[in-house]
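Derivation of every value follows stated rules applied to the coordinates shown; laboratory data play no part. What you are looking at is a predicted structure, and each value in this text was computed from that prediction instead of being measured. Positions of Cβ are backbone-derived with ideal geometry, glycine not excepted, and every protein chain shown enters the neighbour counts.
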Amino acid sequence: MTVTTTSVDLDTARSNQQQRRMPGDHGRPLTQSRGLARALRILSTALIALWFALPFLPLVLWSFADQWMHPAAFPMETGTDGLTAAIANGGGRAFLHSLALSLVVAAIATPLGAMAARALSRGQVRFGKAITVLLFSPVMLPPFAAVLGLNVLLLRAWVPPVVGVVLVLVAVAIPYTTFSMRAAYAAYDDGFDEAARTLGASSRLTLWRIHLPLIAPALARSAFLAFLVGWSDYLITLVVGGGHLVTLPLIIASSASGVGNESSVAVLSLSAVIPPLILLGLIARSRNLDPGRQR
Amino acid sequence: MTAMLSRPRRRGVRATLLVLPAVIPVAIVVIGGIGTTVVQSLGLMPLVGTPALSVKTFEGTDDLLSSALLSLGIAVVSTAIAAVVGFFTAVLIISGNWGGRIVGALSAAAVTVPHLVGAASVGLLLSDSGVLARIFGIPPESWPALVAGPTWFAVIAEYAWKESAFIALIIVGTLATRITSYDETAAVLGAHRGARLRFVVLPLAAPSLLVASTIAFAYTLGSYEVAWLLGKTYPEPLSVMALRLFNSASLTARPEAAAVAVITLLLTAAVVVLAMLGLRRMRAWQ
């Protein structure tokens with residue numbers, strides 16, 4: 001027996017939703033500001049936008065600056081010297097290492113978090129509260145406090161440094177994946193699974209054709225968070241990895257602590273900023289296509 | 001009869017098997033790591049010599065108090081700024097007009113930036129020959145010492161920048177739809193802008209604001225790379241001190257590093273417990 005799903009035309013559904021204006025929708029006239037309040041709102045919006053945008057400015061300016069002596073307000077000569085220096089510092093290899101590490105961390109931490117969230121959200125786990133606290137605790141703990149002890153522990157257990165880095169980063173990522181999946185499962189309707197089972201689908205078929213497609217957007221968000229944990233980490237890779245794994249943050253740190261290589265630091269930093277932004281854009285698009293999301 | 005009895009238990013076993021793969025790595029890192037650090041700090045795991053229980057590492061480590069106060073100071077100031085900016089950012093994003101959308105996109109971008117990269121770019125922005133000094137045309141000698149200076153300005157600015165984006169994201173994520181409808185109801189009933197912010201939006205956002213600020217505070221207290229890159233060399237925050245002792249050539253420094261880590265842990269735990277008590281009061285009041 002086969003189970004087929006008819007596709008819902010999302011575009012028409014969405015355009016219908018946009019035409020309908022419901023109470024509670026954004027931008028209704030009553031809560032819109034007028035006059036002085038409006039001017040204040042525009043001013044504060046501009047200030048906050050500036051606050052978030054300002055730290056990106058030196059990265060963009062310095063990345064393409066071949067020559068920029070002090071009194072000049074803007075780069076005097078533009079070019080790709082920064083990129084050349086960044087590659088000469090081992091930026092290319094470090095980028096690939098960072099990418100591989102983050103993908104491995106996301107690939108491990110996302111299913112683990114999803115499984116734990118599924119069990120916890122159904123409330124069948126013994127000592128559920130204690131396990132919830134334990135799974136959330138890596139967010140609150142200072143990473144260096146755990147890493148100092150773990151370094152000794154992992155060395156005595158003969159765990160290879162790279163495996164140790166992955167283990168610690170997975171543990172740091174699990175709170176994020178577990179809690180974002182828990183939020184997804186709180187809104188999840190078990191009826192879809194049950195209907196498929198009643199219609200004769202095996203549990204494996206239900207998992208692949210019903211369950212996973214329905215939670216796919218939440219899985220993508222969780223995987224993104226886990227990716228960020230691996231991508232941003234400096235201290236754990238440095239101490240537990242012990243120099244065996246050189247990632248982008250390690251190269252940035254060694255360049256930034258020196259003097260006179262601003263454009264190389266800017267290029268390396270920019271290459272660390274762009275991949276997560278691309279993923280964020282993809283996630284934002286997939287959210288619009290999420291059929292489970294109703295507003 | 002037996003089938004009916006065994007069913008819930010089997011379900012319980014299945015749930016435990018689902019949770020276990022996540023629990024094991026977290027338990028190794030949290031319980032194993034922290035346990036070893038505590039044992040080291042008590043002198044029970046020295047690199048050389050015989051293990052002996054003592055608390056002298058806590059007394060013998062110089063400047064522990066000034067470092068702890070410095071760490072707390074940086075965390076309090078940067079979290080306070082982040083909470084205020086994050087709250088108003090969330091209010092702008094929830095309002096849903098075009099300005100809110102721009103701010104939402106920029107703050108989401110800031111959340112994805114690694115702290116080390118944030119520190120590197122804040123350094124390029126604020127140093128005495130940095131981008132701001134160049135744009136305003138101020139010579140290095142009259143530019144204030146923002147990076148590596150006595151005020152820890154650059155360090156605080158970096159934490160406040162990153163964590164304000166994080167706090168805004170958490171508030172928006174948990175409350176976006178609820179706030180809008182309550183806000184409209186209050187507006188229909190004639191509440192002014194200020195009154196709505198004070199009596200509707202703030203109380204609704206308060207629990208997630210508290211949770212997000214606590215996470216930001218704990219992160220700032222335990223974070224290393226920003227203070228290491230942008231801070232002064234003396235006095236140093238707890239994390240920088242611990243890592244310096246950990247990497248130093250002296251063999252007796254390892255237990256001292258562990259002691260600094262234990263102090264940081266205790267401070268973090270105290271703040272988290274206070275926040276949880278506050279959260280419980282908030283819930284009871286609602």
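Applied to the range A:219-232, the Karplus parametrisation 6.51 cos²θ - 1.76 cosθ + 1.60 on θ = phi - 60° returns per-residue 3J(HN,Hα) values of 4, 5, 4, 4, 4, 5, 4, 5, 4, 4, 4, x, 5, 8 Hz, with x for Gly and Pro.
Stokes-Einstein diffusion for the range A:106-245, with the hydrodynamic radius set to the Kirkwood value over Cα pairs and evaluated at 4 °C in a medium of 1.567 mPa s, equals 78 µm²/s.
How big is the charge dipole of the protein assembly as shown about its Cα centre, in debye rounded to the nearest 20, if each Lys and Arg gets +1 on its Cβ and each Asp and Glu gets -1 on its Cβ? Each step should come with its number before you reach the end.
Working: 41 positive and 25 negative charges, 549 e Å.
Using only the charged Cβ atoms, the result is roughly 2640 debye.
Shape class of the range B:55-285 from the Cα gyration tensor (axes a ≥ b ≥ c, square roots of the eigenvalues): oblate, since a/c reaches 1.5 or more and a/b does not exceed b/c.
For peptide A:56-66, compute the average count of partner chain beta-carbon atoms within 10 Å of each residue's beta-carbon. Please list the in-between numbers first.
Details: counts 7, 6, 12, 7, 2, 5, 5, 0, 0, 0, 0.
Per-residue shielding by partner chains comes out at 4.
A dipole drawn for the range B:55-285 from +1 and -1 charges on Cβ atoms has a positive end, and of B:Tyr159, B:Ile138, B:Ile171 the residue lying farthest that way is B:Ile171.
If a spin label sat at a point 7 angstrom from the Cα of A:Ala107 along the line to its beta carbon, the backbone N atoms of the range A:139-179 nearer than 15 Å would be those of A:163, A:166-167, A:170.
Stretched out straight at 0.36 nm per residue, the stretch from A:Leu99 to A:Thr198 would grow longer than its current Cα-Cα span by 31.4 nm. Fewest-first ordering of A:Ser232, B:Ser164, A:Ser202 by other beta carbons within 10 Å of each residue's beta carbon gives A:Ser202, A:Ser232, B:Ser164. Please work out whether the protein assembly as shown counts as rounded, prolate or oblate from its C-alpha gyration tensor, where a ≥ b ≥ c are the square roots of the eigenvalues and a/c under 1.5 means rounded, while otherwise a/b larger than b/c means prolate and anything else oblate? Here the protein assembly as shown falls in the oblate category.
The string of couplings for the range A:271-278 from the Karplus curve (6.51, -1.76, 1.60, θ = phi - 60°) is 6, 8, 8, 5, x, x, 5, 4 Hz, one whole number per residue in order, with x for Gly and Pro. Shape of the range A:219-278 from its Cα gyration tensor (a ≥ b ≥ c, root eigenvalues): rounded if a/c is under 1.5, otherwise prolate when a/b > b/c, or oblate? Since a/c reaches 1.5 but b/c is at least a/b, the shape of the range A:219-278 is classed as oblate. Take every pair of alpha-carbon atoms less than 8 Å apart whose residues are at least six positions apart; their mean separation over the length of the range A:176-295 yields a relative contact order of 25 percent. Using a Gaussian network model of chain B in which every pair of alpha carbons under 10 angstrom is joined by a spring, one finds that among B:Pro207, B:Pro139, B:Pro150 the greatest mean-square fluctuation is at B:Pro139.
Mean sequence separation of contacting Cα pairs (under 8 Å, at least six apart), scaled by the length of chain B, corresponds to a relative contact order of 26 percent.
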